[in-house]
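To start, the structure under review is shown below, and the notes come after it.
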Amino acid sequence: MGNILLIEDEIGIARSLELPLQQTYGHSLTHCLTLAEAMRTWEKGSFDAILLDLNLPDGNGIDFCRTVRRSGDATPILILTARRDEVDRILGLELGADDYIVKPFSPREVGARIHAILRRRNWDIQPEKDPVIRHCGIVINENRREVTVHERLVSLTKTEYRLLVALIKRPGRVYTRDNLVDMVWDGNFVTDRVVDSVVSRLRRKLGKMASGEKWIKTVHGIGYAMTDCHEG
Ligand code: CA
């Protein structure tokens, strides 16, 4: 886990990186919108990696890269660029950047690159080692209480989360509403309607399986079951 400096003037891109880098990879992130802000932050702070956009409102990221290297600072720099042409890529690398990544990118890709950079430098960082429950495209990290569906982070309430965990441990097994009340609500009095509405909220948050099926199927007259996985 590292201390990352992100220099990016597009708020949308910065936002898309914030949550995954912090929660999934456990990095701490400092975000700067301009070159001037980045210079001030870099002078004061100490970072394990720098994510650098080139096209900034008050100048070019290349200048920042040059300044960092001239000072003798060897912090790994990962260039974020929308320019697809090779020249700029090579230029970035000649200036002492460690790697580049072309926009649009997925947060996961950026996370993996940072991980690779830090590992190359023999930083002692731990990959995701928490035990996880996997079912088709759903991954649940119980230690972090984190759910992703096809790599998208899904935010669930405590009840929705408990319901999902209860169902996913035995895919295909049909549970009555009473079974679910015991497992999820610890047997407290809950009407069928409440169970049904939590199921439907959970379904909405999970979206559809790659096959187009619902993750949680209704077994008429009985209850609910986690749909079996038919995906490779
Ligand atoms: Ca930019």
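When the residues of the stretch 14-28 are filtered to those that are within 14 Å of Leu51 (Cα to Cα) and hydrophobic (A, V, I, L, M, F, W, C), the one that is surrounded by the most Cβ atoms within 10 Å (Cβ to Cβ) is Leu17.
Number of residues in the stretch 157-198 that are in contact with a helix residue (DSSP H, G or I) (Cβ under 7 Å, 6 or more places away or on another chain), assigned to a helix (DSSP H, G or I) and not charged (D, E, K, R) equals 10. Evaluation of Ile11 against the conditions (1) within 13 Å of the ligand (Cβ to nearest atom); (2) surrounded by fewer than 14 Cβ atoms within 10 Å (Cβ to Cβ); (3) over 25 Å from Leu153 (Cα atoms) shows that the sole unmet condition is (3).
Of all residues in the stretch 29-40, those satisfying the criterion of being away from the ligand (no atom under 11 Å from the Cβ), surrounded by 17 or more Cβ atoms within 10 Å (Cβ to Cβ) and in a helix (DSSP H, G or I) are Ala38, Met39. In the stretch 90-119, of all residues being open to solvent by 50 Å² or more (accessible area, probe 1.4 Å) and more than 17 Å from the chain's Cα centre (by Cα), the one that is modelled with the highest pLDDT corresponds to Tyr100. When the stretch 153-192 is limited to residues that are surrounded by fewer than 12 Cβ atoms within 10 Å (Cβ to Cβ) and closer than 28 Å to Pro20 by Cα, the one that is modelled with the lowest pLDDT turns out to be Lys158. Criterion applied to Asp53, Asp58 was being within 12 Å of the ligand (Cβ to nearest atom), in contact with a strand residue (DSSP E or B) (Cβ under 8 Å, 6 or more places away or on another chain) and among the acidic types (Asp, Glu), and the one residue passing it is Asp53.
The values are calculated or read from the model by the stated rules, or taken from the named source; none is laboratory data. Given the structure is predicted, the values throughout are model-derived calculations rather than measurements. All Cβ positions, glycine included, derive from the backbone under ideal geometry; neighbour counts span all protein chains shown. When the accessible area is computed, the model is the full protein with side chains, heavy atoms only, and any ligands, DNA or RNA have been set aside. Shrake-Rupley method; radii C 1.70, N 1.55, O 1.52, S 1.80 Å.
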